[in-house]
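This is the structure I have questions about; it appears just below.
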Amino acid sequence: MFTGVNAQQTPQYTQNRLNYFSINPAMAGIKKCIDLKMGYRRQWVGFEGAPRTTFATVSTRLKIKKKVSPYSHHGVGVKVESDALGLTSNTKLHLAYAYHFKLGRESSASAGLFAGIEQFRFNVSRANAWQAPDPAIATNATVIIWPDVSPGIFVHNKKWFGGFSIRQLLGNRIRDYGTGTNQLRRHFELLGGAKIESSESVSIIPSAMFRFTFLSMPSIDLNLMFDFENRAQLGLSYRNTDALAMMFKVNFLKHFTLGYSFDLTTSKMKLGSSNTHEILLGIYACNLRGGDNYSCPVFD
């Protein structure tokens, strides 16, 4: 008798450092110009019903004429994210606000909040019951919408950075779907890293992300990137629960950046699929190599 299964509730990214605003709202408005990112992730290629994630984010600073302090500013942004898994799909629309302030001469901090809605769909027309009628798919409640809130904080300077965020803070329950009540688990995510000048033209950027939610095994991503004069980056990533990945990022045409990662599956999922692809496109209103770009290892 089959009773149930547990699965991931939030999208997973390999290029988390290059796409940190999609995880942490405190990043909204950290740059002086408009920051637009779009991406697509195809996980476990060849495995039927494997996760497919599409996202787009945009953020910028608020320009206020009468500022109380020259050492603080406000940021706003929008995130749209769609995650499809099997016969289910999950779409989020979040608005973001962040407040940025100085901690000292060289260090800064910010606190932010995502707030929005989440829509869940189940494709009943493609579901085939082994023995009809099946109460798990006989319901009309195929679309569920609930409020969603996710806070975050971020601390940084030119040499190091760290952030903490909580996704699905409200822990909403999903009723009238299937045969029971499902609950969205809070996901705690901690990111930290540093920038080490190896030579005049090469910098080393080690970073790590720790993810934790109750009733599941913690996930740790260890990343090591080599930066070549802020023109290109090349590196490796290791995830304890799933994969070994290769990543690269290149800046081109002054305002664009392109990132790509290839995950080689190391978990038991490799029996059905051996790899994952993720691509990221960034567009900035300011020159990536110009003086108006905020210098922080997350973006360098």
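The values are calculated or read from the model by the stated rules, or taken from the named source; none is laboratory data. Computed from a predicted structure; not experimentally measured. Positions of Cβ are backbone-derived with ideal geometry, glycine not excepted, and every protein chain shown enters the neighbour counts. Ligands, DNA and RNA are stripped out before the accessible areas are found, and what is left, the full protein with its side chains, is counted by its heavy atoms. Shrake-Rupley method; radii C 1.70, N 1.55, O 1.52, S 1.80 Å.
For the range 179-277, what is the largest minus smallest coordinate of the Cα atoms on each principal axis, given in angstrom and ordered from greatest to least?
59, 29, 25
Oh, and also: Hey, any idea what % of the range 181-244's accessible area is carbon plus sulfur with a 1.4 Å probe? Mind dumping the intermediate values first?
Details: 2270 of 3430 Å².
Accessible surface attributable to carbon and sulfur in the range 181-244 totals 66 percent.
In addition: Given charges of +1 on the Cβ of Lys and Arg and -1 on the Cβ of Asp and Glu, with all other atoms neutral, how large is the dipole of the range 157-236 about its Cα centre, in debye to the nearest 20?
On the way: 10 positive and 7 negative charges, 98 e Å.
About 480 debye.
Further question: Within 10 Å, count the other beta carbons around each residue, average over each peptide in 46-53, 28-35, and list them highest first.
Values: 46-53: 14.9, 28-35: 22.8.
Packing proxy ranking, top to bottom: 28-35, 46-53.
Extension gain residue 158-residue 40, at 0.36 nm per residue separation less the Cα-Cα distance, in nm? Numbers along the way, then the final one.
Working: separation 118, 0.36 × 118 = 42.48 nm, distance 2.90 nm.
The span from residue 158 to residue 40 would gain 39.6 nm if fully extended.
What net charge is computed for the residues neighbouring residue 171, neighbours being all others with C-beta under 9 Å from the C-beta of residue 171, Lys and Arg scored +1, Asp and Glu -1? Can you show the working numbers first?
Details: positive: 173, 185, 186; negative: none.
Once positives and negatives cancel, what remains is +3.
Something else now. So how much slack lies between residue 266 and residue 200, counting 0.36 nm per residue of separation and subtracting their Cα-Cα distance, in nm?
Numbers: separation 66, 0.36 × 66 = 23.76 nm, distance 3.62 nm.
Additional length available on full extension: 20.1 nm.
Could you check the simple spin-label distance between residue 88 and residue 212, using points 7 Å along Cα→Cβ, in nm with one decimal?
Going by the 7 Å Cα→Cβ label model, 2.5 nm.
Using 0.36 nm times the number of residues separating residue 185 and residue 117, minus their current alpha carbon distance, what extension gain do you get?
On the way: separation 68, 0.36 × 68 = 24.48 nm, distance 1.59 nm.
Computed gain between residue 185 and residue 117 is 22.9 nm.
Here's another thing I want to ask about it. Could you give the accessible area per residue of the range 152-258, probe 1.4 Å, as a whole number in Å²?
Values: 5730 Å² over 107 residues.
Counting only protein heavy atoms, the per-residue value for the range 152-258 is 54 Å².
Filter the cross-link list 92/254; 66/254; 158/249 down to pairs whose alpha-carbon distance in this structure exceeds 23 Å.
Working: 92/254 31 Å; 66/254 32 Å; 158/249 19 Å.
From the list (92/254; 66/254; 158/249), the Cα-Cα distance tops 23 Å for 92/254; 66/254.
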